[in-house]
Every structure is written in structure tokens, then in C-alpha cells.
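These notes concern the structure reproduced below.
The values are calculated or read from the model by the stated rules, or taken from the named source; none is laboratory data. Because the structure is a prediction, the values reported are computed rather than measured. In this analysis, Cβ positions are derived from the backbone assuming ideal geometry, glycine residues included, and neighbour counts consider all displayed protein chains. Surface accessibility is based on the protein's heavy atoms, side chains included, excluding ligands, DNA and RNA. Shrake-Rupley method; radii C 1.70, N 1.55, O 1.52, S 1.80 Å.
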Amino acid sequence: MKLSTGLIILVIVGVLVLALLLFVNFRGTPEQSSEQKVGAGTGQEVGLGKEAPEITFTTLDGEEISLSDFRGNPVMLWLIATWCPTCQVGAKVLSEEKMSDIEKYDLKIIVLKLWNNLGYSGPSLEEFGREWVGENFNNDNWIWAEADRETSFLYDPRGLPDIYYLIDKEGVIRAIDTAPSATLNKIFNFAAQ
């Protein structure tokens, strides 16, 4: 399936904006350790090769679920802001171009809207999902919920609008990245394991 020129431009602009945000957020100061982990200062540590800290959330359907409920499946824990262009494109590309792979590998995509949408207005999570994931919005592989303050600060302390974690079947974090539309190979190589 060919991507339209407008979608390609949107992806490029989104990636550039995300790159700028990453540069500003990750350059740090000289006194900061390069070994700092996500979630530092929360009492829990989120890092590669570590077990993903347990979180509980309520889905848009009102069901209370824990991250550990997905043990046995590869998981993409994706924290988003609904106004984020790379999140929109990532959801669209995953849904339109990779849905068969998502189902083939039984990859669970847990989409958590960041607490307070990072302080900016945007559509509700349901509106976001229905617009960008479309007919696959209700697919069992997509789980939709809103992150509380603690979860947002644990998994996204720098306030990035688009960050995901690839968590293996045993609950161990195997990758941390941004912009799924730009890292599809990484996601599906992980899911195929």
C-alpha cells in the first residue's frame, strides 16, 4: 500500500518535532549521570533487561487490568498524547499496514493516554483511536486506557508525547523507543521472537 504525500510529510514533520523534543529532553546537564534510568526517583526503576514495573489501569470499557495480566504475550506499552502527530501516524500505520502481523504474533498494544494529555488539549482517547486506528479500534489486540499521574511519571518522567516499551512474554523490557511508524521493523522483529 502506498502512503500519500500528505501522510509522508506529516510523518517527516512529526519525526522532526519528536527529534527536537528528544534533543531538548535528553541532552541533560554535565552533572547528570548517563546511567540514569526512566522512573528514577519514583522508587521503581524502568530499564532495559528489567522486569516492567506493575501498573494497573482502567480501560475505556471500564475493566480494571494490570500489566502482568498480559504475561505470555509480547506487549507494546505505548504512552501517547492524543495531539501528537507521530502518535497519530504511528496508530494509522500500525492499524492499516501491520494489523495482520499484530494478530499473527498476538502482539498486545496497550495505548495509555498520558496523564492530563501532557497539559495540552486534544481529542479524547476514544476519539483518537476511532480516527487513527479506525475499524481496528475494537480489536482485542488494542487495549485503550488513560494513565494516572504515577504511571505517567514512572514510564515517562520527561514528558515525551510518544514513547513505547516492548515487553516480552515474561514481563521483561526489551526495548524503549519512540515513533512506532519509524521503528516498525524493531517492533515486529521483537514480536516474532
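Have a look at Glu127, Glu150 and point out the one that is among the charged types (D, E, K, R) and under 28 Å from Lys169 (Cβ atoms). Explain how you work it out, then say what you get.
On the way: Glu127 fails: under 28 Å from Lys169 (Cβ atoms).
The unique qualifying residue is Glu150.
Suppose we keep only residues that are under 17 Å from Cys84 (Cβ atoms) and assigned to a loop (DSSP other than H, G, I, E, B) within segment 104-121. Which one would you say is least open to solvent (accessible area, probe 1.4 Å)?
Quick first cut of segment 104-121, residues under 17 Å from Cys84 (Cβ atoms) only: 109-121.
Now drop any that are not assigned to a loop (DSSP other than H, G, I, E, B), which leaves 114, 120-121.
Values: Leu114: 3, Tyr120: 143, Ser121: 106 Å².
Looking at residues that are under 17 Å from Cys84 (Cβ atoms) and assigned to a loop (DSSP other than H, G, I, E, B), I get Leu114.
Return the total of residues in segment 53-103 being in contact with a strand residue (DSSP E or B) (Cβ under 8 Å, 6 or more places away or on another chain), exposed (fewer than 13 other Cβ atoms within 10 Å of the Cβ) and farther than 22 Å from Asn117 by Cβ.
Total meeting the criteria: 2.
For segment 149-158: of the residues being open to solvent by 30 Å² or more (accessible area, probe 1.4 Å) and in contact with a helix residue (DSSP H, G or I) (Cβ under 6 Å, 6 or more places away or on another chain), which is nearest to Thr58 (Cα to Cα)? Spell out how you get there, then give the answer.
Narrowing segment 149-158 to residues open to solvent by 30 Å² or more (accessible area, probe 1.4 Å): 149-150, 153, 157-158.
Now narrow it down to the ones that are in contact with a helix residue (DSSP H, G or I) (Cβ under 6 Å, 6 or more places away or on another chain): 149, 158.
Working: Arg149: 13, Arg158: 23 Å.
In this case the residue turns out to be Arg149.
Somewhere in segment 169-190, is a residue touching a strand residue (DSSP E or B) at 6+ places or on another chain (Cβ under 7 Å), modelled with pLDDT of 95 or more, open to solvent by 70 Å² or more (accessible area, probe 1.4 Å) and not hydroxyl-bearing (Ser, Thr, Tyr)?
Within segment 169-190 (the criterion being touching a strand residue (DSSP E or B) at 6+ places or on another chain (Cβ under 7 Å), modelled with pLDDT of 95 or more, open to solvent by 70 Å² or more (accessible area, probe 1.4 Å) and not hydroxyl-bearing (Ser, Thr, Tyr)), the answer is yes, since at least one residue qualifies.
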